[in-house]
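Everything below concerns the one structure shown next.
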Amino acid sequence: MPSAHSPQTSNVTIESGAVKPRHMDQVLTTEALRFLGDLHLKFNGRRLDLLAAREQRQKQLRQGILPDFLASTKNVREDSWQVAPTPKDLLDRRVEITGPAEAKMMINALNCGAKAFMCDFEDSLAPTWSNIIQGQVNVQEAVRRTLSFTNENGKEYLLKDDIATLLVRPRGWHLSEKHLSYQGERLSASLVDFGLTFFHNAKEQLARGTGPYFYLPKMESHLEARLWNDVFNYAQDVLSLPRGTIKATVLIETILAAYEMDEILYELRYHITGLNAGRWDYIFSIIKKFSADKGRDLPDRTQVAMSVPFMRAYCDLLVQTCHKRNAHAMGGMAAFIPSRKDAAVNEVALSKVKADKEREAGLGFDGTWIAHPDLIDVAQTAFNTVLGSRPNQKDQMRSEVRIKGSALIDLNIPGGTVTRAGVQSNINVALQYIEQWLQGNGAVALHHLMEDAATAEIARAQLWQWVHHRSVMDDGHNVTAELYQEMRDHELGKLGVAAMRRTSEILDHLVLDTEFAEFLTIPAYEMLDT
């Protein structure tokens, strides 16, 4: 007779139609599908309830009910608990590199000398069915050290003996997987990505001296963290692994989650190792949550630096909260891609990356993120200078920090302006990124930056905000729908209007519709080439 925790169902339907990615049978085994079906039956109802709660909270924000630290969980914030000990291979995380679950990029990232690699099924991977299945194959092979890649010129890429610690980021709670369903209901993309990764690799990872490690994106409350914790406990029970085997890092990349950092750590205290300052999604979340508030418009994206008051408050609070609980505080992304041809561009950009990483190390962060291997030296030097031979600086308690809830949403940026160049840049980035995403590319190099869905979200969200609020630019003119359309046509003329008509239509809806769209990836997913 099966145990109380063993999977009971196998009625997951593969809705891939005529498309059958290579190696699909290797990933979607009968046992794996049964596991996914069981996760769906046990947890998807709660997921949908939590998404409905997000909608209710958004209505409250539109009514002027501002967020603050929760009165109901004051005892959690004031009690002296700590998270469970961190595994040895996650103690030193001074430089982590990120990238999509694509073979060549994974090999380069794992080999590059970073302490850890965040393998992404979320913002930097366009979720075509082929990408999702091949990404799972790539993770299996990376865990077993068999991952390889040969380019069109015959150059072979292989893993070194000493590689970065692997962490995997599943898609967020808001996304579904249209190729897998249970009795007509799509499976949660989060549970699909986590479930397949964990089911196929956890025991192998433990046998090799590491473990099933994850990054969790886009949560908005500690109740969403509680759901993840229950998923973890159930999954470990199914595979007869001790509870606490899974370790997770949570990205604090929504404004509402920033008010519940202690509570998120508490809910996941047996599984969590730290929090990460997901800066780009955090900025997008602020625009989205206050999209109806004309008094909280943000200036050009380039002016929303980590040093501005509300971003500094967010970082100070994250470091203080993590170290109080013996958790890692991880810094934000450096997205610059060094040029092979333009030394002047590199000199300016690398100096900015250097200053950014030195600032993070000085604030007490234990490590940071980069998007390109060529940034390792500058990031590592910044943290080596502060850490020396220590694996982290959790002893920096930042007891002087006193952050009021109002500081996180005081969006005033002295001297901040909206400019024509900023409007044009947002249109350009949004058009180019959405076009690439629809073709299956989630990590796109634009203007010497590695753009992913988060930065495209900022671009289209700011356009919506500026158009609907008729924001005044620094030249005295308003941003209007007519101005947007004129500048959009200009950019399409440069980029190729015929080839981007579908992309233009998507962006027009995102910018011009009366209601602010929650995520661009939800409507775009239905149009994604598979």
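In a residue-by-residue description of the stretch 242-258, the property of being over 23 Å from L70 (Cβ atoms) and without any contact (Cβ under 8 Å) to a residue 40 or more places away in the chain applies to at least one position. Please determine, by comparing only the residues of the stretch 116-142 that are of a type in the set (S, T, N, Q) and in a loop (DSSP other than H, G, I, E, B), which one is surrounded by the most Cβ atoms within 10 Å (Cβ to Cβ). Applying the filter and picking the extreme gives S124. Of all residue pairs spaced 6 or more apart or on separate chains, those with beta-carbon atoms under 9 Å, a first member in the stretch 330-351 that is under 24 Å from L251 (Cβ atoms) and a second member that is assigned to a loop (DSSP other than H, G, I, E, B) and basic (K, R) are M330/R93.
Can D377 be described as among the acidic types (D, E) and within 14 Å of N276 (Cα to Cα)?
Answer is no for this residue.
For the stretch 477-484, check the following and say yes or no: at least one residue is at pLDDT 95 or above, under 20 Å from the mean Cα position of the chain (by Cα) and not assigned by TED's automatic domain parsing to the domain that holds P87. The answer is no; no qualifying residue exists.
Check the stretch 23-44 and report whether any residue there is at pLDDT below 95 and not in a helix (DSSP H, G or I). Yes. When the test is whether a residue is touching a residue at least 12 places away in the same chain (Cβ under 8 Å), surrounded by fewer than 23 Cβ atoms within 10 Å (Cβ to Cβ) and of a type outside the set (V, I, T), G367 does not pass it.
Screening R145, R93 for residues that are outside any helix (DSSP H, G or I) and within 21 Å of D25 (Cα to Cα) leaves exactly one candidate, R145. Scanning the stretch 160-183 for residues that are part of a loop (DSSP other than H, G, I, E, B) and without any contact (Cβ under 8 Å) to a residue 60 or more places away in the chain gives K160, D161, D162, I163, P170, R171, G172.
E491 meets each of the listed conditions (1) within 26 Å of the chain's Cα centre (by Cα); (2) of a type in the set (D, E, K, R); (3) within 22 Å of T302 (Cα to Cα) apart from (1).
The rows are residues; the columns are (1) over 30 Å from Q320 (Cβ atoms); (2) free of Cβ contacts under 8 Å to residues at least 60 places away in the same chain.
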{"position": "V386", "(1), (2)": "no, yes"}
{"position": "R398", "(1), (2)": "no, no"}
{"position": "I403", "(1), (2)": "no, no"}
{"position": "I434", "(1), (2)": "yes, no"}
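In the stretch 405-415, is there at least one residue being part of a helix (DSSP H, G or I) and in contact with a Gly (Cβ under 7 Å, 6 or more places away or on another chain)? Scanning the stretch 405-415, I find no residue that is part of a helix (DSSP H, G or I) and in contact with a Gly (Cβ under 7 Å, 6 or more places away or on another chain), so the answer is no.
Test I427 against the criterion of being touching a strand residue (DSSP E or B) at 6+ places or on another chain (Cβ under 9 Å) and in a helix (DSSP H, G or I), and give yes or no. Criteria not met by I427.
Scanning the stretch 234-276 for residues that are of a type in the set (G, A, S) and in contact with a Leu (Cβ under 8 Å, 6 or more places away or on another chain) turns up A235, A248, A258. What is the residue count in the stretch 379-404 for residues that are part of a helix (DSSP H, G or I), over 23 Å from the mean Cα position of the chain (by Cα) and among the hydrophobic types (A, V, I, L, M, F, W, C)? Looking only at that region, the number is 3. Filtered by the rule that a residue be at pLDDT 95 or above, in contact with a Phe, Trp or Tyr (Cβ under 7 Å, 6 or more places away or on another chain) and of a type in the set (K, R), the stretch 288-324 gives a lone residue, K288.
The values are calculated or read from the model by the stated rules, or taken from the named source; none is laboratory data. Predicted, not measured: the structure shown is a model, and the values here were computed from it. Using ideal geometry, Cβ is built from the backbone for each residue, glycine included, and neighbour counts are taken over all protein chains shown.
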